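The values are calculated or read from the model by the stated rules, or taken from the named source; none is laboratory data. Bear in mind the structure is a predicted one, so any value in this text is a computation, not a measurement. Every residue, glycine among them, receives a Cβ derived from its backbone with ideal geometry; neighbour counts consider all protein chains shown.
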């Protein structure tokens, strides 16, 4: 086996891991979003004493997972249509921009101790939620991590 073949084998494994991870993120975040839609506490948090995963966090992760799948090479080479690939690329960039906007606004809220109103734009959070700084607001470390 030469070096080119071993590199393509590693690339194939990494692409597979990327696809599986993106699908896992999509499914997990979809379950959390369903929990918010139907107010099912066990789907929003794994234990009643733990902080719930906020809706905007789940939506952001869903969009990131979708963007990764849309940008993936193995999907775009199966259908070799330039217009479709351009559309997929644009949708992936759009998803990424939504995540960037959400996380920048959350970071601004934390940095300046203000309330813009995006935290409960889609779903209302329990005002007495466990260890919640502001109802519906994702954690600052999550916002920063998503921004990276």
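Worth pointing out:
- Residues of the range 36-50 satisfying the condition of being closer than 17 Å to residue 142 by Cβ and surrounded by 12 or more Cβ atoms within 10 Å (Cβ to Cβ): 36, 44, 45
- Any hit, the range 96-103, residues being surrounded by 14 or more Cβ atoms within 10 Å (Cβ to Cβ) and either closer than 19 Å to residue 132 by Cβ or modelled with pLDDT under 95 (or both): yes
- Single residue of 137, 88 found to be surrounded by 13 or more Cβ atoms within 10 Å (Cβ to Cβ), in contact with a helix residue (DSSP H, G or I) (Cβ under 7 Å, 6 or more places away or on another chain) and within 22 Å of residue 35 (Cα to Cα): 137
- Selection count where residues are over 17 Å from the mean Cα position of the chain (by Cα), modelled with pLDDT under 85 and either part of a loop (DSSP other than H, G, I, E, B) or surrounded by 11 or more Cβ atoms within 10 Å (Cβ to Cβ) (or both), scope the range 51-85: 8
- Only a single item in (1) closer than 16 Å to residue 51 by Cα; (2) more than 14 Å from the chain's Cα centre (by Cα) is not met by residue 107, and it is number (1).
- Scanning the range 98-134 for residues that are in contact with a helix residue (DSSP H, G or I) (Cβ under 9 Å, 6 or more places away or on another chain), more than 18 Å from residue 35 (Cβ to Cβ) and assigned to a loop (DSSP other than H, G, I, E, B) returns 114, 115, 116, 118, 133, 134.
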